[in-house]
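Single-structure report; data block below.
The values are calculated or read from the model by the stated rules, or taken from the named source; none is laboratory data. Predicted, not measured: the structure shown is a model, and the values here were computed from it. Note: ideal-geometry Cβ built from the backbone for every residue, glycine included; neighbour counts use all protein chains shown.
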Amino acid sequence: MATEIRYRLPQRRLLVTELPGPRSRALTARRRAAVAAGVGSSVPVYAADADGGVLVDVDGNSLIDLGSGIAVTGVGAGNPEVARAVSEQVGHFTHTCFMVAPYEGYVRVAEELAALTPGDHEKRSVLFNSGAEAVENAVKVARLATGRAAVVAFDHAYHGRTNLTMALTAKSMPYKAHFGPFAPEVYRMPMSYPYRDGPGLTGEQAARRVISRIEKQIGADSVAAIVLEPIQGEGGFIVPAPGFLPTLVDWARATGTVFVADEVQTGFARTGAWFASEHEGIVPDIVATAKGIAAGLPLSAITGRAELLDAVHPGGLGGTYGGNPVACAAALATVDFIRDHDLPARARRIESIALPLLRALAADVDAVGDVRGRGAMLAVELVRPGGREPDPELTAAVAARALEQGVIVLTCGTYGNVIRLAPPLVIGDDLLVEGLEVLEGAIRTLTGKGRP
């Protein structure tokens with residue numbers, strides 16, 4: 001039975017100033033003089049504290065958090081068990097570099113990853129700092145192990161901001177524009193996007209379309225890796241049609257291609273399973289993880305078939321800070337918390353509350369084109385009435401209006417027209433419903449569709 005979740009801060013929405021308040025505005029002025037303009041922020045309020053499903057800003061406003069730092073703080077941004085583990089590790093040492101003087105925490109994280117990721121084959125892991133590093137190193141491993149160069153990525157994909165992962169990422173602005181040239185031998189294929197594909201295209205048919213293009217345009221014996229998010233994140237929380245993933249995995253197995261599941265955003269209970277790959281029973285050759293792995297401390301990993309990762313020569317993988325001992329301590333506490341509190345079940349509970357409310361809204365408001373997602377990874381796609389033309393202006397306005405009323409929601413999507421909901425998995429039912437009602441009110445007000 002899952003352990004009860006306890007909170008340090010009151011779990012309530014409370015506005016004591018306008019948003020942003022005076023202290024946040026003062027920090028924005030300081031920021032403009034010190035922080036590069038290329039670093040953006042989704043909301044103009046500055047955090048002072050966070051716990052459970054709330055974020056408290058420097059002006060004392062308590063906001064409902066439906067973004068969790070882009071699906072990072074699934075166990076909460078102020079989790080006391082994570083804080084205790086970090087404090088204990090800091091009291092001993094903060095760094096030795098695993099490549100110089102290794103330590104047990106790194107090994108324990110690798111052991112947990114071997115046990116948790118899909119498949120019962122022998123596995124190895126390497127730890128890094130960011131999701132982009134993980135994906136890039138997965139490609140390195142695949143190229144070395146196969147002796148091939150080509151990498152297949154997909155429409156609407158997001159894999160990071162390094163040169164190679166920008167090549168894998170689909171969206172130009174703001175991620176790729178003017179930063180090229182990019183790494184070569186990356187080929188883009190159509191993603192299964194049920195809302196925009198229409199009901200006539202099955203997942204298997206969408207995968208066969210991809211396979212045909214790979215074989216004609218690249219050649220199966222040239223492909224080192226297929227890199228794919230089991231549920232796309234920044235692209236719009238796109239859940240592919242059933243059969244799409246298994247068909248691609250079967251083709252990869254048959255051709256000796258390494259199938260890399262980018263579970264950076266979907267991993268660690270976010271979708272109602274430990275990993276989104278489990279929903280269709282696929283077993284990736286390599287799984288890339290980050291975000292939810294360590295409750296906000298910088299840590300990422302690749303975990304894959306032993307024969308693939310062990311093919312790399314000693315010294316070919318690593319990094320000065322990869323698998324930092326403090327981040328490893330946070331990850332181990334995070335995994336224990338997810339397990340002890342059965343957060344995959346909690347994510348499914350969030351889905352069971354949110355989806356009926358959002359689908360009822362979609363049935364009444366034609367600007368809500370689609371509602372989709374799994375677990376605590378849910379999306380509302382907004383369109384212009386009468387069709388499926390994306391409406392990014394409405395989407396931005398909805399997010400801004402929700403914030404005015406004390407609810408943080410994030411936007412995403414290739415067309416900028418998706419509200420994504422990725423609340424902390426520890427959010428309480430009442431707070432979740434309150435946040436969803438504020439979101440619904442914002443959509444209804446801005447579309448002129450009052451409550452029935």
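Numbers below:
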read-out	value
Which listed residue, of THR169, THR162, is more than 16 Å from the chain's Cα centre (by Cα) and among the hydroxyl-bearing types (Ser, Thr, Tyr)	THR162
Residue within the range 9-25 that is in the same structural domain as ALA379 (by TED's automatic domain parsing), under 30 Å from HIS341 (Cβ atoms) and surrounded by 15 or more Cβ atoms within 10 Å (Cβ to Cβ) present	no
Lone qualifier among VAL239, VAL287, VAL258, VAL264 - being farther than 22 Å from THR202 by Cβ and in contact with a His (Cβ under 9 Å, 6 or more places away or on another chain)	VAL264
Unique match (being in contact with an Asp or Glu (Cβ under 9 Å, 6 or more places away or on another chain), of a type in the set (A, V, I, L, M) and free of Cβ contacts under 8 Å to residues at least 40 places away in the same chain) among VAL371, VAL335, VAL287, VAL380	VAL371
Scope the range 43-69; condition out of contact with any strand residue (DSSP E or B) (no Cβ under 6 Å at 6 or more places or on another chain) and surrounded by fewer than 17 Cβ atoms within 10 Å (Cβ to Cβ); matching residues	PRO44, GLY60
Residues being assigned to a loop (DSSP other than H, G, I, E, B) and within 13 Å of ILE64 (Cβ to Cβ) - total across the range 409-421	1
Every pair of residues 6+ apart whose Cβ atoms lie under 6 Å, when the first sits in the range 33-44 and is in contact (Cβ under 8 Å) with a residue 12 or more places away in the chain while the second is surrounded by 10 or more Cβ atoms within 10 Å (Cβ to Cβ) and assigned to a loop (DSSP other than H, G, I, E, B)	PRO44/PRO20
The lone exception for LEU299 - which of (1) surrounded by 24 or more Cβ atoms within 10 Å (Cβ to Cβ); (2) at positive phi; (3) of a type outside the set (Asp, Glu) it fails	(2)
VAL90 being more than 20 Å from ALA400 (Cβ to Cβ), at pLDDT 95 or above and touching a Lys or Arg at 6+ places or on another chain (Cβ under 7 Å)	no
Among (1) in a strand (DSSP E or B); (2) under 23 Å from the mean Cα position of the chain (by Cα); (3) outside the structural domain of PRO230 (by TED's automatic domain parsing), the one test that VAL152 misses	(3)
Residue in the range 420-441 that is modelled with pLDDT of 95 or more, under 23 Å from the mean Cα position of the chain (by Cα) and of a type in the set (Asp, Glu) present	yes
Residue match in the range 388-403 (condition: within 15 Å of the chain's Cα centre (by Cα), modelled with pLDDT of 95 or more, of a type in the set (D, E, K, R) and not assigned by TED's automatic domain parsing to the domain that holds GLY235)	no
Residues of the range 270-296 that turn out to be polar (S, T, N, Q) and surrounded by fewer than 19 Cβ atoms within 10 Å (Cβ to Cβ), as a count	0
Test: residue in the range 96-110 that is touching a Ser or Thr at 6+ places or on another chain (Cβ under 9 Å), under 19 Å from ASP285 (Cβ atoms) and either part of a strand (DSSP E or B) or not basic (Lys, Arg) (or both)	yes
Flag if VAL141 is more than 20 Å from the chain's Cα centre (by Cα), aliphatic (A, V, I, L, M) and modelled with pLDDT of 95 or more	yes
